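Notes for the one structure printed next.
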Amino acid sequence: MSSVLVIDDEAGMRRTLQIALEKEGFEVVSCGRGEDIQRVFAHKPIDIVITDLRMEPMSGLDVLRAVKQRSPGTEVILMTAFGAVDSAVEAMRLGAFDYITKPFLANELVAKVRKALEKKALTTEVQNLRREVQSTYAAESIITASPAMQAVLAQVRQIAPMPLTVLITGETGTGKSLIAHLIHYASRSAAGRLISVNCAAVPEPLLESELFGHEKGAFTGAIYSRKGLFEEAHRGTLLLDEIGSLPANLQSKLLGVLHDRELRRVGSNRVIPVDVRIIAATNSNLEQAVARGTFRQDLYYRLNVARIHLVPLRDRREDIEPCAYSFLAEMSRRRGKCYQFSREAVKLLAAHDYPGNLRELQNAIEWAVAICPGDIIEPTHLPEAMREAIPRGSGTPDPRGTLDRHEHELIARAVIEHHGNLAEAARALGIGRTTLWRKMRDYGIRK
Ligand SMILES: Nc1ncnc2c1ncn2[C@@H]1O[C@H](COP(=O)(O)OP(=O)(O)OP(=O)(O)O)[C@@H](O)[C@H]1O
Ligand SMILES: [Mg+2]
């Protein structure tokens, strides 16, 4: 039940208000002097204070100051005599929610009290959400025991405060979105919004107006003008996820916007300035896409200013167990239970290869918890894909696979760096042109 404190030196007024407010279902306390508020607040939390303005020796303004100091979340409504507009204005400046001029009808006051309660509820909700978001994306939310990820976190700390464009690469589920949030919340744009758009998920014809907005009548069905995500992210961060899927015409438009720091909505000539930090993420190989000619090289260079690469979980096996325990602790907290892994379950988790990386690990544990009748997670509770795995004891990656990956990347980079000139690229790599050409064919790299 919401609690209201009424302060007025006239006993008749106090009684009238008390009856009117109690009838509306509020819990009402009243007192005749401002000096009493400390005693009342010590006794119980108060949601709304309704106070007379003209009182001696403590005035309504004094009450307002004291309430805001003691309990900033409490809203204050002042009752003023007709003509005391100056004091009412001063009261609003000091943080009063509203004022009401005497004489008034009980209904008018009740309406104001309800509005004040709504504002209070919203403020509390926003505070809770903000706290939740900040703790989700605080650096502590990243669990890692691997040197590779420690280096990534150091890199995040270094580049977050600078307004650089960042390109985050890594397989699906390696934590690219998580890192993008970390960067945003550690940056100077943290007060602005972080807006994510998945370039692969939005159908191509919609993507342009989604990103850049459109003017009324720009195309059939454009009944209203609409801001694009660039404008929504003004003074904040725009995360362009799956940037490798951006269609060619939008690659050019994006390049122009990044270059000029301004945009035009679809169907408009009006120039709108853009102040947005860009983070691009991709799980595909952009160097290869550039070499193949499906991704603009100049856009690649503009995005690849600061580069963060997240290695797959199977190449940082020391992260598996700490993350598994952390995910299990989170599920335990959510379900109010205390789950544990059996030793065999830990062995299976540690031996798996995780093509879906941390997301796969997280889903596996969520699944296990859902089907586990007790609180010990056994191998039978883990997804089938994991149970089939033959524990490998150590986790040595296949050396040939790793070598191939490195060679592949070296070749793609050389081709890009020499703008597709194979003779120069081959010379830089120290191999013959025919060899280079054959390797490009084997790796599916085409000029
Ligand atoms: N080091 C980590 N510690 C704790 N949780 C992590 C870590 N890395 C990733 N996660 C969690 O794993 C899940 C997958 O991460 P995220 O969504 O950031 O991956 P992604 O690389 O963006 O995937 P996609 O390519 O599919 O977009 C998320 O729930 C994320 O919070
Ligand atoms: Mg993601």
Residue hits (region 313-337; under 28 Å from residue 284 (Cα atoms), part of a helix (DSSP H, G or I) and within 11 Å of ligand 1 (Cβ to nearest atom)) are 313, 319, 320, 322, 323, 324, 327
Counted residues in region 153-185 being more than 19 Å from residue 285 (Cα to Cα) and away from ligand 2 (no atom under 14 Å from the Cβ) come to 13
Run residue 343 past the list (1) of a type in the set (Lys, Arg); (2) modelled with pLDDT of 90 or more; (3) closer than 26 Å to residue 311 by Cβ and report the number of the one that doesn't hold.
(3)
Out of 65, 54, which single residue is of a type in the set (D, E, K, R), in contact (Cβ under 8 Å) with a residue 12 or more places away in the chain, closer than 16 Å to residue 8 by Cα and open to solvent by 30 Å² or more (accessible area, probe 1.4 Å)?
54
Scan of region 366-382 for residues that are modelled with pLDDT of 90 or more and in contact with a helix residue (DSSP H, G or I) (Cβ under 7 Å, 6 or more places away or on another chain), ordered by number
366, 368, 369, 377, 378, 379, 381, 382
Tell me the residue from 209, 225 that is modelled with pLDDT under 95, open to solvent by 20 Å² or more (accessible area, probe 1.4 Å), of a type in the set (Ser, Thr, Tyr) and over 17 Å from the mean Cα position of the chain (by Cα), please.
225
In region 186-206, the residues that are more than 16 Å from ligand 2 (Cβ to nearest atom), over 20 Å from residue 256 (Cβ atoms) and open to solvent by 30 Å² or more (accessible area, probe 1.4 Å):
186, 188, 190, 191, 193, 203
Restricting attention to region 24-53, report how many residues are part of a helix (DSSP H, G or I) and either within 20 Å of residue 98 (Cα to Cα) or at pLDDT 95 or above (or both).
2
I'm checking my understanding of the structure. Among residues of region 74-93 that are modelled with pLDDT under 90 and in a loop (DSSP other than H, G, I, E, B), which one is least open to solvent (accessible area, probe 1.4 Å)?
84
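Every residue, every condition in (1) loosely packed, with under 13 Cβ neighbours inside 10 Å; (2) of a type in the set (A, V, I, L, M); (3) in a helix (DSSP H, G or I); (4) within 13 Å of ligand 1 (Cβ to nearest atom), yes or no:
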residue	(1), (2), (3), (4)
112	no, no, yes, no
117	no, yes, yes, no
126	yes, yes, yes, no
143	no, yes, no, yes
149	no, yes, yes, yes
153	no, yes, yes, yes
164	no, yes, no, no
168	no, yes, no, yes
178	no, yes, yes, yes
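The values are calculated or read from the model by the stated rules, or taken from the named source; none is laboratory data. The shown structure was predicted, so the numbers you read here are calculated from the model rather than taken from an experiment. Virtual Cβ from ideal backbone geometry, glycine too; neighbours counted across all protein chains shown. These accessible areas exclude ligands, DNA and RNA; they are computed on the full protein's heavy atoms, side chains included. Shrake-Rupley method; radii C 1.70, N 1.55, O 1.52, S 1.80 Å.
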